[in-house]
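Enquirer: Have a look at this one before I ask anything.
The values are calculated or read from the model by the stated rules, or taken from the named source; none is laboratory data. Here the structure is a predicted model, which is why all the values come from computation and not from measurement. Positions of Cβ are generated from backbone atoms using ideal geometry, with glycine treated the same way; all protein chains shown enter the neighbour counts. Please note that ligands, DNA and RNA were not included when accessible areas were found on the heavy atoms of the full protein model with its side chains. Shrake-Rupley method; radii C 1.70, N 1.55, O 1.52, S 1.80 Å.
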Amino acid sequence: MSFTYENQGTNTYLVYKIEAVDNVDTMSLGMITNNKIDGIIPTIFTQVDTEKFIKYNISARVSAKEFLSGIVNKKRLIGVFIGVLKALQSAEEYMIDGACLLIDLENIYVDVTKCDAMLVCLPIIREADESVNLPMFFKQIMFSTQFDQTENCDYVAKIINYLNSTPIFSSEEFRKLLEQLNQEGGQTPIKEKAVEVKPVVQAQNVKTTTVIEPPISQPVSPKTEAVQNIPKKNTPAATEWKEINVPKPQNAVQPVQNTAVNTEKPMSMFGLLTHYSKENKEIYDRQKAMKKAEKQSQKQTTNAKPASVGFAVPNQPMQNQQVQPVVVAPAQQARNTVAPQVNKPLQQEPKVNTSGNPSIPPEILANMEKCGDFGETTVLGVGTDAGETTVLGVSQAQVAKPYLLRIKNSERIELDKPVFRIGKEKSYVDYFVNDNTAVSRSHVNIINRDNAFFVVDTNSTNHTYVNGNMIQSNVETKLEHGTKLRLANEEFEFFMY
């Protein structure tokens, strides 16, 4: 059996040409062409001269094989399963031979929004051994599908257990199970977890409030409190400061006034926030300014200008080098002083071309000597041979990043998946077109195969155009750099880099 695709206006048809050897089931053919049957794709029969065709309207639908690729959630999986069972039940009601239903993922077509599946009914009498084992068909889908782990996946185990434990498969009972699972919520464990976390957070808040409560000290006089809170680094002898509380002659009052600033209670940011007042704010600002001044003085001491020591470089005038201040012995100072005299005769030596390249003119060499030796220049390549060129590796070369440019808003769409879906069904596609009703829910797929890119129209209503020419649905069309792509009336341009 071979099918072709045909576009007529806004409709896309799956076409089967009846061959002379085919034994047509006329009763089934009459049922599917004259009735709208639930679960079976609408069908028309046409004849041109002696050629007969059966056409199935698959507009705005994608194959179940594509629909179940990637990560699949419960709604998608159960939608396909119920669609298959619904078609089997309808076939019995309309006295259609069940063997005429093509139960394979390539010939099951799904609405990506509603997730309802419809089957192709080919009214050709086939051999009895071509019938499909339904339980095995469902099992193969279960074991080859990647399920969405953000949901409650208990339904997966329940479906598999039913298929393995039932000696006689009943499509009616299996459908009831699927409908029951479809009504169950998929986020129950997450809600229970949120309820359990709430009392724990409240307990932590109570504990935190207890910890940050400042300790209550015994009441003391203002002067005594100031003396007791003096930092240890500012009070080498604490006992001497305690004598301030003892009455002294008037000439002894001066030390107390001089140490008033040093005897303030240290005020941190946390203490200010928990016991905020105008007085505490003034204390905090004053202490902060003192600490800043202290740090600046330490920084100036550390960054003191190093001593200047002279040295001589061959063929160059005397230069000064900044070194860190160190303690130098007298003998070492003498050697440093004599160094310029020792190197002085070297400046009078004749200039010799030591570059190893006799082609360098003397005047250029003289300029090089005036500027000093700044080291050799590294040449990209293997070894030191300047004739070779370094070849950039894969990590260094620019990697091609194919993308689509949406002409309407100049939006850049990175094609970062092997199969990149574009349409207006947000839960299904990779790029969501939310502002154009002419674009279908699943309009096109951009396929990346060995860094070659193809566009496939997925039975869209208003079709897809490559460089102004409409392409056939479900047929791969290669994209080149600069290809103009139009989805209905939405224009894009494809770029490889």
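Enquirer: Using beta carbons and a limit of 7 Å, which pairs, at least six apart or on different chains, have the first residue in segment 406-434 and more than 15 Å from ASN445 (Cα to Cα) and touching a residue at least 12 places away in the same chain (Cβ under 8 Å) and the second one among the acidic types (Asp, Glu) and open to solvent by 20 Å² or more (accessible area, probe 1.4 Å)?
Expert: ILE407/GLU491; ILE407/GLU493
Enquirer: Can you confirm whether SER460 is touching a residue at least 40 places away in the same chain (Cβ under 8 Å), touching a Leu at 6+ places or on another chain (Cβ under 9 Å) and under 25 Å from PHE3 (Cβ atoms)?
Expert: It is true that SER460 is touching a residue at least 40 places away in the same chain (Cβ under 8 Å), touching a Leu at 6+ places or on another chain (Cβ under 9 Å) and under 25 Å from PHE3 (Cβ atoms).
Enquirer: Go through (1) out of contact with any helix residue (DSSP H, G or I) (no Cβ under 7 Å at 6 or more places or on another chain); (2) touching a residue at least 24 places away in the same chain (Cβ under 8 Å) one by one and return the number of the condition SER171 breaks.
Expert: Condition not satisfied by SER171: (1).
Enquirer: Starting from residues that are over 30 Å from the mean Cα position of the chain (by Cα) and more than 18 Å from ALA60 (Cβ to Cβ), keep the ones in segment 446-497 and report whichever is surrounded by the most Cβ atoms within 10 Å (Cβ to Cβ).
Expert: VAL466
Enquirer: Then there is this: Sort out for me the strands (runs of 3 or more DSSP E) sitting completely within segment 441-481 that have 3 or more residues that are basic (Lys, Arg).
Expert: In segment 441-481, there are no strands (runs of 3 or more DSSP E) which contain 3 or more residues that are basic (Lys, Arg).
Enquirer: Could you tell me how many of the residues in segment 135-149 are under 19 Å from PHE67 (Cβ atoms) and either touching a helix residue (DSSP H, G or I) at 6+ places or on another chain (Cβ under 9 Å) or surrounded by 15 or more Cβ atoms within 10 Å (Cβ to Cβ) (or both)?
Expert: Residues meeting the conditions: 9.
Enquirer: Still on this structure, I have one more. Residues of segment 32-61 being of a type in the set (S, T, N, Q), assigned to a loop (DSSP other than H, G, I, E, B) and open to solvent by less than 70 Å² (accessible area, probe 1.4 Å), which ones?
Expert: Answer for segment 32-61, where residues must be of a type in the set (S, T, N, Q), assigned to a loop (DSSP other than H, G, I, E, B) and open to solvent by less than 70 Å² (accessible area, probe 1.4 Å): ASN35, SER59.
Enquirer: Return a yes/no flag: does segment 96-110 have any residue that is modelled with pLDDT under 95, more than 38 Å from the chain's Cα centre (by Cα) and among the acidic types (Asp, Glu).
Expert: Yes, that holds for at least one residue.
Enquirer: So which of ILE71, ILE125 is within 30 Å of ILE18 (Cβ to Cβ) and open to solvent by 50 Å² or more (accessible area, probe 1.4 Å)?
Expert: ILE125
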